[in-house]
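As structure tokens, the structure follows; a few thoughts come after it.
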Amino acid sequence: AQSVTQLDSQVPVFEEAPVELRCNYSSSVSVYLFWYVQYPNQGLQLLLKYLSGSTLVKGINGFEAEFNKSQTSFHLRKPSVHISDTAEYFCAVSESRNTGKLIFGQGTTLQVKP
Amino acid sequence: ETGVTQTPRHLVMGMTNKKSLKCEQHLGHNAMYWYKQSAKKPLELMFVYSLEERVENNSVPSRFSPECPNSSHLFLHLHTLQPEDSALYLCASSQGLQLYEQYFGPGTRLTVT
């Protein structure tokens, strides 16, 4: 079965610094990968997704992620964070194209400090 | 109303109570989902409905009973819950099941006493 590991439960960073949130997955077949963000007291919102094609995926709010098949990773990056980026970030993988079933990681709390 | 709405936002219930969670999507989607979000654990998919038919039941105890009367509404009926069922219950919808973006509601924070 597929699984997702987010290696850091919390990532503190100062405003305007770069950040990387790590995500590794296990799968023996084709994968479809997602990053979602959850702001306090809100539902999840899609940041970006990788389905096929270019391994560098750009999303909303200046975030990007790179699919690395050999390392089974899909790390999320932003070159300069803002206070407003403070939130919980979830990596997810889909088992197939046709089920809508997402397997989520445990989440990483990004804490941006002034 | 826009997006995905959930009511109530907070619910406290005893173990012998019966209650229902409601989800409504205003996006014209045809697939809907229930997720359970517990502290320090990954989101757990509970149920998936496509075109009002249940297509996924992810080994969820029978004390949770979903209902999808139409493509815009999804309910989760609760009875004889346990304290470990306390969690944030999230509803989501998507245009279809084929890797379309899932839009989430804000959730219902459930506390079982």
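Key figures
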{"read-out": "Failed item, numbered, when A:Pro79 is tested on (1) surrounded by 17 or more Cβ atoms within 10 Å (Cβ to Cβ); (2) over 30 Å from B:Thr108 (Cβ atoms)", "value": "(1)"}
{"read-out": "Selection count where residues are in a loop (DSSP other than H, G, I, E, B), touching a strand residue (DSSP E or B) at 6+ places or on another chain (Cβ under 8 Å) and farther than 30 Å from B:Phe47 by Cβ, scope segment A:64-114", "value": "5"}
{"read-out": "Test: residue in segment B:34-41 that is among the hydroxyl-bearing types (Ser, Thr, Tyr) and over 17 Å from A:Asn41 (Cα atoms)", "value": "no"}
{"read-out": "Every pair of residues 6+ apart whose Cβ atoms lie under 6 Å, when the first sits in segment A:29-55 and is in contact (Cβ under 8 Å) with a residue 12 or more places away in the chain while the second is polar (S, T, N, Q) and not in a loop (DSSP other than H, G, I, E, B)", "value": "A:Tyr32/A:Ser94; A:Val37/A:Gln45; A:Leu44/A:Gln38"}
{"read-out": "Candidate set: segment B:79-113, residues that are away from every other protein chain (no Cβ under 14 Å) and buried (at least 21 other Cβ atoms within 10 Å of the Cβ); chosen: the one modelled with the lowest pLDDT", "value": "B:Leu81"}
{"read-out": "Qualifying position, being under 25 Å from B:Tyr33 (Cα atoms), among the hydroxyl-bearing types (Ser, Thr, Tyr), open to solvent by 20 Å² or more (accessible area, probe 1.4 Å) and within 12 Å of chain B (Cβ to nearest Cβ), among A:Ser52, A:Ser94", "value": "A:Ser52"}
{"read-out": "Verdict on A:Phe14 being of a type in the set (Phe, Trp, Tyr) and crowded, with 19+ Cβ neighbours inside 10 Å", "value": "no"}
{"read-out": "Yes/no for A:Val19 being open to solvent by less than 50 Å² (accessible area, probe 1.4 Å), aliphatic (A, V, I, L, M), within 15 Å of the chain's Cα centre (by Cα) and away from chain B (no Cβ under 14 Å)", "value": "yes"}
{"read-out": "Condition met for A:Ser52 (at pLDDT 90 or above and in a loop (DSSP other than H, G, I, E, B))", "value": "no"}
{"read-out": "Residue in segment A:65-77 that is within 12 Å of chain B (Cβ to nearest Cβ) and more than 13 Å from the chain's Cα centre (by Cα) present", "value": "no"}
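Per-residue answers, yes or no, for (1) open to solvent by less than 60 Å² (accessible area, probe 1.4 Å); (2) in contact with a Lys or Arg (Cβ under 7 Å, 6 or more places away or on another chain); (3) farther than 28 Å from B:Arg109 by Cα; (4) of a type in the set (Gly, Ala, Ser):
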{"residue": "A:Ser3", "(1), (2), (3), (4)": "yes, no, no, yes"}
{"residue": "A:Ser27", "(1), (2), (3), (4)": "yes, no, yes, yes"}
{"residue": "A:Phe34", "(1), (2), (3), (4)": "yes, yes, no, no"}
{"residue": "A:Pro40", "(1), (2), (3), (4)": "no, no, no, no"}
{"residue": "A:Leu46", "(1), (2), (3), (4)": "yes, no, no, no"}
{"residue": "A:Glu66", "(1), (2), (3), (4)": "no, no, yes, no"}
{"residue": "A:Phe74", "(1), (2), (3), (4)": "yes, no, yes, no"}
{"residue": "A:Phe90", "(1), (2), (3), (4)": "yes, no, no, no"}
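Residue-by-condition table, conditions (1) exposed (fewer than 13 other Cβ atoms within 10 Å of the Cβ); (2) within 12 Å of chain A (Cβ to nearest Cβ):
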| position | (1), (2) |
| --- | --- |
| B:Leu11 | no, no |
| B:Gly14 | yes, no |
| B:Lys22 | no, no |
| B:Gln25 | no, yes |
| B:Gly28 | yes, no |
| B:Pro42 | no, yes |
| B:Glu52 | no, no |
| B:Asn58 | no, yes |
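The values are calculated or read from the model by the stated rules, or taken from the named source; none is laboratory data. Note that the coordinates shown come from a computational prediction; the quantities given were computed from them, not determined experimentally. Positions of Cβ are generated from backbone atoms using ideal geometry, with glycine treated the same way; all protein chains shown enter the neighbour counts. Just the protein is used for accessible areas: all its heavy atoms, side chains included, with ligands, DNA and RNA removed. Shrake-Rupley method; radii C 1.70, N 1.55, O 1.52, S 1.80 Å.
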